Amino acid sequence: MPPDYKKILTSNRSRKIFLYLGVILLLFFLCNDLVIPWYVNHGGVLTVPSVVGVNFDLAKRILDSLGLEGRQADVRLDREHPAGEVIIQNPMAGDKVKKGRRIYLTVSGGELLVTVPNVKGRTLRDARFGLEREGLKLGAVEYQSSEEFPTNTIIEQKIAPGTKVKKDVYVSVIVSQGSVSQSIIVPDVTGKTLTQAGIILSGSGLRSGNVTYIPSADLLPNTVVDQYPRGGERVINGQAVDLFVVQGAEKKKEILEN
């Protein structure tokens, strides 16, 4: 029976295909297991240290001492890290790299600073709005007599205009009470009844402000035990004086009923 040349040719072609595949797989494993590792290891392999949280200059010296090259990649505002501190590195700590590899470092630019505006000569309301526009807050308010500044305008601010500060910082101010001749000395109404205190303050050109009741078993009910502003201080005409009063029997009953 004559040979089937078609089957012989097909069989030879299949053997060649398998042979080619075998050679390709062999070359792949040789490259993967021998050539590439040799290339990577040529000149030495190093483990990247962690320099996050370290000042950039020091981080660069650490990397240089290990045969790596520290490069600044970016600067980002970061309120958690001081300016100049490394916050991100690439490659990351623990990665295996060749000697001389560049390590890109992202550095903190610190927290965003804002400029304190000038609020001298402005009213408290205007000053508060001006500070809030810059991300700041109005701090403690003190009062002083002034021959130069009109009543209720700011004489002085505790943080100088133009100063760079962090956001949400409180800026305290001193407010004019007007000239000494226009100011009023607050009478001392401690020890008086609430009714008596109101009459005395009204007669002095002032008025009663918030009344805070304090429980006490030793003092007479409705007696003023403290005040703000204190007696002897100078204030502007018509200012309210807050009073702290011993809780009376009626007040206790009201609290119990509520």
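The values are calculated or read from the model by the stated rules, or taken from the named source; none is laboratory data. Because the structure is predicted, anything quoted here is derived from the model rather than measured. With ideal geometry, Cβ positions are generated from the backbone for all residues, glycine too; neighbour counts draw on all protein chains shown.
Suppose the filter is over 30 Å from I159 (Cα atoms), surrounded by 18 or more Cβ atoms within 10 Å (Cβ to Cβ) and small (G, A, S); does G70 pass it? First the steps, then the outcome.
Details: over 30 Å from I159 (Cα atoms): yes; surrounded by 18 or more Cβ atoms within 10 Å (Cβ to Cβ): yes; small (G, A, S): yes.
Spelling it out, G70 is indeed over 30 Å from I159 (Cα atoms), surrounded by 18 or more Cβ atoms within 10 Å (Cβ to Cβ) and small (G, A, S).
For E142, are the conditions met, namely being charged (D, E, K, R), part of a strand (DSSP E or B) and more than 23 Å from E80 (Cβ to Cβ)?
yes
Can you pull out every residue in segment 210-240 that is of a type outside the set (G, A, S), more than 19 Å from T151 (Cβ to Cβ) and part of a loop (DSSP other than H, G, I, E, B)? I'd like the intermediate steps shown before the answer.
Taking segment 210-240 first, the residues of a type outside the set (G, A, S) are 210-215, 218-230, 233-237, 239.
This time we only want the ones that are more than 19 Å from T151 (Cβ to Cβ), so: 210-215, 218-228, 230.
Result: P215, D218, L219, L220, P221, N222, R230.
Given the condition within 27 Å of V119 (Cα to Cα), out of contact with any helix residue (DSSP H, G or I) (no Cβ under 9 Å at 6 or more places or on another chain), of a type outside the set (S, T, Y) and surrounded by 13 or more Cβ atoms within 10 Å (Cβ to Cβ), answer yes or no: does some residue in segment 220-229 qualify?
So in segment 220-229, the residues within 27 Å of V119 (Cα to Cα) come out as 228-229.
Among the residues that remain, those that are also out of contact with any helix residue (DSSP H, G or I) (no Cβ under 9 Å at 6 or more places or on another chain) are: 228-229.
Filter once more, so that each one left must be of a type outside the set (S, T, Y): 229.
Next, only the ones that are surrounded by 13 or more Cβ atoms within 10 Å (Cβ to Cβ) stay: 229.
Scanning segment 220-229 turns up at least one residue that is within 27 Å of V119 (Cα to Cα), out of contact with any helix residue (DSSP H, G or I) (no Cβ under 9 Å at 6 or more places or on another chain), of a type outside the set (S, T, Y) and surrounded by 13 or more Cβ atoms within 10 Å (Cβ to Cβ).
Give me the strands (runs of 3 or more DSSP E) completely within segment 43-100, filtered to those with at least 1 residues that are free of Cβ contacts under 8 Å to residues at least 12 places away in the same chain, ordered by residue number.
Working: elements: 45-47, 69-76, 86-90, 96-98.
Fully inside segment 43-100 and qualifying: nothing.
Do the conditions hold for R79, that is, is it surrounded by 15 or more Cβ atoms within 10 Å (Cβ to Cβ) and touching an Asp or Glu at 6+ places or on another chain (Cβ under 8 Å)? If you could, list the steps in order and put the result at the bottom.
On the way: surrounded by 15 or more Cβ atoms within 10 Å (Cβ to Cβ): no; touching an Asp or Glu at 6+ places or on another chain (Cβ under 8 Å): yes.
In short, no.
Select the strands (runs of 3 or more DSSP E) contained entirely in segment 154-209, then report the ones holding at least 1 residues which are farther than 23 Å from I236 by Cα, in contact (Cβ under 8 Å) with a residue 24 or more places away in the chain and out of contact with any Ser or Thr (no Cβ under 6 Å at 6 or more places or on another chain).
Counting at least 1 such residues, we get 164-166, 170-176.
Residues of segment 169-188 being modelled with pLDDT of 90 or more and not small (G, A, S), which ones?
V169, Y170, V171, V173, I174, V175, V186, P187, D188
Just need a number here: residues in segment 93-148 that are more than 23 Å from the chain's Cα centre (by Cα) and among the small types (G, A, S).
Adding up the residues that qualify gives 6.
May I ask you to list pairs of residues, at least six apart or on different chains, whose Cβ atoms are under 8 Å apart, with the first in segment 109-138 being over 28 Å from G178 (Cα atoms) and without any contact (Cβ under 8 Å) to a residue 40 or more places away in the chain and the second being among the hydrophobic types (A, V, I, L, M, F, W, C) and surrounded by 17 or more Cβ atoms within 10 Å (Cβ to Cβ)?
What qualifies is E134/V114; E134/V116; G135/V114.
Only one residue in K96, K60 is of a type in the set (D, E, K, R), surrounded by 14 or more Cβ atoms within 10 Å (Cβ to Cβ) and at pLDDT 90 or above, so which one is that? Walk me through it before giving the result.
Values: K96 fails: surrounded by 14 or more Cβ atoms within 10 Å (Cβ to Cβ).
Going through K96, K60 in turn, just one is of a type in the set (D, E, K, R), surrounded by 14 or more Cβ atoms within 10 Å (Cβ to Cβ) and at pLDDT 90 or above: K60.
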